[in-house]
Amino acid sequence: MKPTIRKIEVKPYDPEWPKIFEEEAALIRSALGDNCTAIHHVGSTAVPGLAAKPRIDIIMAVKDPKATIPKLEAIGYEYRGEWNIPFKFGFRKRSNTEANLHVFAEGNPEIECNLVFRDYLRSHPAAVQAYAELKASILEKKSSFEKINTYFTSYNLDKDDFIRNVLEKTGFNGIRMHHCVHDIELEKAKFFRQKYFFGRHNIEDPYLWTFNHPDHVHFVLYKGVDIVGYAQLIKWTEGRAAMRIIVIDEPFRHQGLGAHFLSLCELWLKSQGFRVLQLESSPEALTFYQKHGYIEMPFNEPDPELGHEENKIDTPLGKWL
């Protein structure tokens, strides 16, 4: 696929950026009233002395994210969906003031993730310098302006190692679910698929094409900066969805992460309008699913490309969401 080219402009730190944030924050608070419970300036424009794209990043905690859409659109913010982060309500403003607005329900760990990264940079001048130098070096590469089969340019993706290292230093340990977007996430997902499923049958994964299919959803679960789980969902018709794979990496098992991951997948599907989640459980996992409200339900696979002979060992289950 031909890459999408975007112009990226990075400017020296501007002391007007915090003032612009305060003006936007006041406008947003006025529009949302008591639905807005916290609003923060994040990203590079929130770090004194750091060069940045002249675009204000704002993160906000609210009681009801969906209710923010019409009110934020009324003050010039365009709703852009969740991008790569489930349960995120992303907005952008492109006028005299340019801003990206990231809206989450109260308690979402993505809020803490952004704040601890910002606060670390604010208190570590050497890290600010290193980050500025990294940005400059990335922008020297032509690929930094390109997007190929992803939400983000290489400029964004190539900063990932630095961000992960900072988060690790802060001790951030939040549990977060992401769509598989970054190369690191895709490779980890493929590794889990081969290690825990297809490798056990001595075959190579025949379904890698699903990573490029709109009806297949691939999630990874983070604990801090570690990718500890992977799930594959299929969007069917008539409000049905299926879970093909869900797995927690062995070193991270018996910590409640599997139940939490399953719950996040269910909540995301419900937010997308799905009414039932179906799966086929191995005998070893049957008690786990029954404990979390799954009952026997005919699977009725609608996709001939994923069809298979009846498995008399696995139990078809489902749950109304």
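Laboratory data are not the source of any read-out in this text; all were calculated from the coordinates shown. As the structure is a prediction and not an experimental result, all values here were calculated from the model. Positions of Cβ are generated from backbone atoms using ideal geometry, with glycine treated the same way; all protein chains shown enter the neighbour counts.
Taking the Cα-to-Cβ direction at GLU284 and at ALA105 and moving 7 Å from each Cα, how far apart do the two end points lie in nm?
Reported label-point gap for GLU284 and ALA105 is 3.2 nm.
Between the helical axis of 109-122 and the dominant principal axis of the chain, each derived from Cα atoms, what acute angle in degrees is found, rounded to the nearest 10?
That works out to roughly 40 degrees.
If you take percent of Cα pairs over 38 Å apart from the coordinates, which of [x] 6; [y] 21; [z] 17 do you get?
[y]
Among the aspartates and glutamates, which have Cα under 13 Å from the Cα of LYS188 when same-chain residues fewer than 8 positions away are ignored?
ASP226, ASP249
Running a GNM on the chain with Cα contacts under 10 Å, which residue among ASP215, ASP303, ASP158 ends up with the highest mean-square fluctuation?
Largest GNM mean-square fluctuation: ASP303.
If the viscosity is 0.890 mPa s and the temperature 25 °C, what Stokes-Einstein diffusion coefficient in µm²/s follows for the range 175-320 when Rh is the Kirkwood radius over Cα pairs?
156 µm²/s
For all pairs of alpha-carbon atoms in the range 20-103, what percent lies in each bin of width 10 Å, listed from the first bin to the last filled one?
It works out to 18, 56, 24, 2, in whole percents.
Just order 289-301, 231-243 by mean Cβ neighbour count inside 10 Å, highest at the front, would you?
Descending mean neighbour count gives 231-243, 289-301.
Within 10 Å, count the other beta carbons around each residue, average over each peptide in 196-207, 84-95, and list them highest first.
Output ranking for 196-207, 84-95: 84-95, 196-207.
Using the structure shown, select from LYS71/LYS159; LYS63/LYS270; LYS53/LYS93 the pairs with a Cα to Cα distance greater than 22 angstrom.
Distance filter (> 22 Å) returns LYS71/LYS159.
Against the longest alpha carbon principal axis of the chain, how many degrees, from 0 to 90 and to the nearest 10, is the axis of helix 257-271 turned?
Relative to the chain, helix 257-271 is tipped by roughly 80 degrees.
Would you mind computing, in nm to one decimal, how far apart the modelled labels at ASP14 and ASP183 are, each placed 7 Å from Cα along Cα→Cβ?
3.3 nm
May I ask for the distance between the Cα centers of the range 41-108 and the range 243-270, given as a whole number of Å?
Distance between centres, Cα-based: 28 Å.
Would you compute, from DSSP H runs of 4+ residues alone, the mean residue ellipticity of the chain at 222 nm, taking -39500 (n - 2.57) per run and dividing by the full residue count, rounded to the nearest 500?
-9500 deg cm²/dmol
Counting DSSP beta bridges with both partners in the range 1-128, what percentage is antiparallel, nearest 5?
Beta bridges within the range 1-128, antiparallel portion: roughly 70 percent.
Hey, what did the range 4-170 get for relative contact order, percent, Cα under 8 Å, at least 6 apart?
21 percent
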